[in-house]
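S.K.: Before I ask anything, here is the structure I am working with.
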Amino acid sequence: MHDRLKSVSGKKVLITGAASGIGRATALAAAREGAELVLTDIAADGLADTVRVIGDDGGKVLLARDLDLTDYDAVTAFATEVHDRHGSLDVVMNIAGTSAWGTVENLEHRHWRRMVDVNLMGPIHVIENFVPPMVRAGRGGALVNVSSAAGLLAFPWHAAYSASKFGVRGLSEVLRFDLARHGISVRLVVPGAVDTPLVRSVEIAGVNQDDPRIQRYIKQFQRHAKTPEQVAAIILRGIERNRFLVHTSFDVRFGYWWARKFAWPYEIVMRKANDGFDSIYQRVTRS
């Protein structure tokens with residue numbers, strides 16, 4: 001029988017996407033709680049800055065490596081180095097991700113491929129390499145996967161993104177039961193609006209993102225969004241409270257409940273939402 005992991009304090013914690021956004025904020029928050037961190041991100045400069053800030057604050061980084069999670073061999077080599085130097089980990093957090101939106105007739109193959117490679121296969125590569133050693137170590141632990149509200153609900157223009165994020169959700173639901181017998185709890189984080197650099201860099205297929213109307217919608221999104229620091233605190237609290245589904249905002253929690261409780265009205269709302277987004281698209285592309 002394993003004691004449930006209730007805190008990251010004193011635990012060896014892997015965090016992907018640690019150069020910016022939710023990943024960076026979670027790394028800083030975990031360091032303040034006394035975690036010993038293993039960090040990775042594809043952005044070398046941002047990752048180095050995260051490591052510097054943690055060190056300046058007295059935190060502990062065991063190892064940091066700039067890494068492309070879509071490269072299975074690179075992830076495997078990194079995992080080998082981590083395990084050789086520090087043994088198995090206690091907590092694995094899959095936070096790194098990217099986004100692209102668009103209707104099916106505007107999405108290109110590269111968009112679909114990128115979403116699946118980064119958002120789904122990236123976490124799978126990490127899980128393949130880091131979770132089995134946790135199982136063999138027999139100490140229990142936690143696996144934290146960041147999906148999205150778009151992994152729960154059918155948002156307009158999100159087909160490629162949702163394909164990856166629904167995948168993370170399904171993967172997590174299975175592992176929740178698969179890993180329970182090993183004392184490894186699984187947390188599925190489903191952020192709603194979060195003001196990260198991803199908001200400003202998201203590619204919208206077939207749309208000029210510099211269009212003032214699109215910029216206005218982005219600013220509206222940002223006004224209602226959580227900060228990465230708020231989400232990081234929610235993630236760590238979710239570990240403490242032993243919750244599988246970790247919501248970052250009430251609207252997502254309510255929307256998911258409502259979609260399951262009232263499937264027929266949900267379908268009507270989603271159809272109207274898609275019509276509304278299509279109207280926006282028509283206006284933007286005609287000008």
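The values are calculated or read from the model by the stated rules, or taken from the named source; none is laboratory data. What you are looking at is a predicted structure, and each value in this text was computed from that prediction instead of being measured. Because the Cβ atoms are built from the backbone with ideal geometry, glycine has one as well, and the counts that use them run over all protein chains shown. What goes into the accessible areas is simple: the full protein's heavy atoms, side chains included, and nothing from ligands, DNA or RNA. Shrake-Rupley method; radii C 1.70, N 1.55, O 1.52, S 1.80 Å.
S.K.: Once whole DSSP H runs in the chain are found, which of them have Cα atoms spread over 30 Å or more along the helix axis and a mean Kyte-Doolittle score of at least -1.0?
M.R.: Passing helices, by number: 263-286.
S.K.: Leaving out ligands, DNA and RNA, what percent of the accessible area of the stretch 1-121 is carbon and sulfur, probe 1.4 Å?
M.R.: Roughly 48 percent of what the probe reaches on the stretch 1-121 is carbon or sulfur.
S.K.: Kindly rank 137-149, 231-243, 89-101 from highest to lowest mean number of other beta carbons found within 10 Å of each residue.
M.R.: 89-101, 137-149, 231-243
S.K.: Could you give the accessible area per residue of the stretch 56-170, probe 1.4 Å, as a whole number in Å²?
M.R.: About 39 Å² of surface per residue is accessible.
S.K.: Taking θ as phi - 60°, what are the ³J(HN,Hα) couplings along the stretch 180-186 by the Karplus curve (6.51, -1.76, 1.60), each to the nearest whole Hz, with x for Gly and Pro?
M.R.: Coupling constants for the stretch 180-186: 4, 5, 9, x, 9, 7, 10 Hz.
S.K.: With the radius of gyration and the Kirkwood radius both derived from the Cα set of the stretch 1-145, what is their ratio Rg to Rh?
M.R.: With Rh from the inverse mean 1/r over Cα pairs, Rg/Rh is 1.00.
S.K.: Grab the Cα-Cα distance for Glu240 and Leu62, subtract it from 0.36 nm times how many residues apart they are, and report the gain in nm with one decimal.
M.R.: That pair, Glu240 and Leu62, stretches by 61.8 nm at full extension.
S.K.: Long-range amide H contacts for His158: which residues qualify at under 5 Å (H placed 1.01 Å from N, peptide plane, sequence gap of 5 or more or a different chain)?
M.R.: Those lying under 5 Å, H to H, from His158 are Gly102.
S.K.: What is the ratio of the Cα radius of gyration of the chain to 2.2 N^0.38 Å, where N is its residue count, to two decimals?
M.R.: After normalising by residue count via 2.2 N^0.38 Å, the value is 1.01.
S.K.: Taking the Cβ-Cβ separation of Glu81 and Glu173 as r and a Förster radius of 41 Å, what is the calculated FRET efficiency to the nearest 0.05?
M.R.: Calculated value: 0.85.
S.K.: Right, another one. In Å and whole numbers, how far do the C-alpha atoms of the stretch 108-210 stretch along each principal axis, longest first?
M.R.: 52, 24, 22
S.K.: Could you pull the accessible area for Glu108 with a 1.4 Å probe, rounded to 10 Å²?
M.R.: 90 Å²
S.K.: For Val144, enumerate residues with amide H under 5 Å from its amide H, sequence gap 5+ or separate chain, H modeled in the peptide plane.
M.R.: Val92, Met93, Asn94, Arg187
S.K.: Something else now. Compute the distribution of all C-alpha to C-alpha distances in the stretch 108-156, in bins of 10 Å from 0, and list the percent of pairs in each, rounded to whole numbers.
M.R.: 20, 40, 26, 12, 1
S.K.: Which value does Rg/Rh take for the stretch 79-164 over its C-alpha atoms, Rh per Kirkwood?
M.R.: Radius of gyration over Kirkwood radius for the stretch 79-164 works out to 1.10.
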